[in-house]
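For reference, the structure discussed in these notes is given below.
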Amino acid sequence: MWYVSTRGMAPRVDFEGALFSGYASDGGLFMPEELPQLNRETLCQWSTLSYPGLVKELCALFIGSELIPKDDLNGTSGDTGSAAIESVQGAKNVDIIVLLPKGHCTKIQELQMTTVLKENVHVFGVEGNSDELDEPIKAVFADTVFVKKHNLMSLNSINWSRILVQMAHHFFAYFQCAPSLDTHPLPLVEVVVPTGAAGNLAAGYIAQKIGLPIRLVVAVNRNDIIHRTVQQGDFSLSEVVKSTLASAMDIQVPYNMERVFWLLSGSDSQVTRALMEQFERTQSLNLPKELHSKLSEAMTSESVSDEAIIQTMGRCWDENQYLLCPHSAVAVNYHYQQMDRQQPSTPRCCLAPASAAKFPEAVLAAGLTPETPAEIRALEHKETRCTPMRRGDTWMLMLRDTIEDLSWRWKGHVLNASQ
């Protein structure tokens, strides 16, 4: 399995090359050169698998067995910053750098990252939003010599491996919700995806392209660039990022839409490169009619206000005694709208990206009582460590300097160990 850049100007790589990278050297995102196709028999076989079993089968499709034998495959994904820290904290041969958008996530989310004091964990509190902190990351990864020299990789949905694993959500949801696999054709299931940077959306669209019979719904908050793109073909920035209760989705530049555009265009890197270069140059893009038409066929969309999020959280609690996080509520709001309109009942799954325990402010705003586990409450009393990245600082240089400093320190450890 080979991987190519959506912009077509970077050398193709194998899975290892895609894994140990961020953006491709031409500014694009890595995608499989060819997508496998799953037949009915395979889907029926997979329907009995556990979630980890599905992850294993999907990974085996996209990773050469010579790189990772099938029996060695294990993995899942979670809340990017804290999950990534948890996976490598204390490791002897890995350092992790996390950029935290100060004031743009909840106190609990911040504490989950800043209370980890292991030597290999380096958290920066950025005076900016998620879109702004992506800029220095992209600039660092654009320097391919620097990336190779310091063995850098990205752990967010820039990285293909994150998209790959998220595909399992859609397969698992389908097998849970499909009424029967005995019908011809296989039944459709609607999957509602709460979306920020569009990683999980891209995963769902790839799942659809390789044969999973799902219909995608993109659910966004008031930062509605993807909603406008699906509805009108208008992939353009608003004047500001709006702060909402679903703070992890307060994103204006959903970079994974580049992967979607590439797929929609029939893997045409020249078309994709022209579209994305225009967007980066002007911050405004009207999709060509043919591309917009294909996008509208592939998915529908909804934009949800804070008021609707609160109402949905309250209704779900009243009807099910289930506490939704605000991001999950963005998806469930669409479900309630369809129920209230008495639309024909296609089986539907709403993806829930986080626990309500991380968002007590939103739970209180909904007039509900937060349920805070003891391990979360304990974070309040722990020491924190976080390096500020202030407006006016050159964030890219701070990142590069930190990486170089860590590399020298690591090389010093290796030298001392070998003497």
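Work out how much length Ala60 to Ala91 would gain on full extension: take 0.36 nm times their residue separation and subtract the Cα-Cα distance, in nm to one decimal.
Working: separation 31, 0.36 × 31 = 11.16 nm, distance 2.62 nm.
Between Ala60 and Ala91, full extension yields 8.5 nm more.
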ask   = Rounded to the nearest 0.05, what FRET efficiency do Ala274 and Gln232 have when you use their Cβ-Cβ distance and R0 = 22 Å?
value = 0.65
ask   = Could you give me the ³J(HN,Hα) list for the stretch 351-365, computed from phi with Karplus coefficients 6.51, -1.76, 1.60 and θ = phi - 60°, whole Hz, x at Gly and Pro?
value = 6, 10, x, 7, 8, 5, 4, 7, 10, x, 4, 5, 4, 5, 4
ask   = Using a simple spin-label model with points 7 Å from Cα along the Cα→Cβ vector, what separation in nm is obtained for Asp72 and Arg391?
value = 4.8
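Just want to confirm a number: the relative contact order over the stretch 1-97, from Cα pairs under 8 angstrom separated by 6+ residues, in percent. Please report the intermediate quantities before stating the final value.
Numbers: 87 pairs, mean separation 21.2, N = 97.
Over the stretch 1-97, the number comes to 22 percent.
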key: Dipole axis of the chain (+1 Lys, Arg; -1 Asp, Glu on Cβ), positive-most option in His170, Thr272, Val220   = Thr272
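Only four residue types carry charge here, +1 at the Cβ of Lys and Arg and -1 at the Cβ of Asp and Glu. Report the dipole size of the stretch 345-405 about the Cα centre in Debye, rounded to the nearest 20. Don't skip to the answer; put the middle values down first.
On the way: 8 positive and 9 negative charges, 52 e Å.
Magnitude of the dipole: close to 260 debye.
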query = Which FRET efficiency value, to the nearest 0.05, is calculated for Asp405 and Lys107 with the Förster distance at 30 angstrom and r the Cβ-Cβ distance?
reply = 0.55
task = For the chain, just list the percent of Cα-Cα distances falling in each 10 Å bin from zero outward, please.
result = 4, 20, 32, 28, 13, 2, 0, 0
request  = Specify which residue in the list Pro36, Leu406, Cys350 is farthest towards the positive end of the charge dipole of the chain, using unit charges on the beta carbon of Lys, Arg (+1) and Asp, Glu (-1), about the Cα centre.
outcome  = Leu406
inquiry  = Give me, ordered by chain and number, the residues 5 or more places off Ser301 or on other chains with an amide H under 5 Å from its own placed amide H.
reply    = Val218
ask   = Roughly how many debye, to the nearest 20, is the charge dipole of the stretch 264-390 about its Cα centre, given +1 on each Lys and Arg Cβ, -1 on each Asp and Glu Cβ, and no other charges?
value = 300
request  = Give the Kirkwood hydrodynamic radius (Å, one decimal) of the stretch 74-204, defined as one over the mean of 1/r across all pairs of different Cα atoms.
outcome  = 17.1
message = At 1.4 Å probe size, with the rest of the protein present, what percent of the exposed accessible area of the chain is carbon and sulfur atoms?
response = 50
query = So what are the radius of gyration and Dmax for the Cα set of the stretch 276-359, in Å?
reply = 16.7, 48
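Scan the stretch 116-197 for GluC sites (Glu not before Pro) in coil per DSSP, keeping those whose Cβ has at most 15 other Cβ atoms within 10 Å, and list them by number. Numbers along the way, then the final one.
On the way: sites: Glu119, Glu127, Glu132, Glu190; in loops: Glu119, Glu127.
Here the sparse-neighbourhood loop sites are Glu119.
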inquiry  = Multiplying the sequence separation of Ser345 and Asp318 by 0.36 nm and subtracting their Cα-Cα distance, what value in nm do you get?
reply    = 7.5 nm
request  = Would you please give the FRET efficiency between Met9 and Thr372, computed as 1/(1 + (r/R0)^6) with r the Cβ-Cβ distance and R0 = 41 Å, to the nearest 0.05?
outcome  = 0.25
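The values are calculated or read from the model by the stated rules, or taken from the named source; none is laboratory data. Treat the numbers as computed from the prediction; the structure is a model and nothing was measured. When we count neighbours, we look across all protein chains shown, and the Cβ atoms used for this are built from the backbone with ideal geometry, even at glycine. Please note that ligands, DNA and RNA were not included when accessible areas were found on the heavy atoms of the full protein model with its side chains. Shrake-Rupley method; radii C 1.70, N 1.55, O 1.52, S 1.80 Å.
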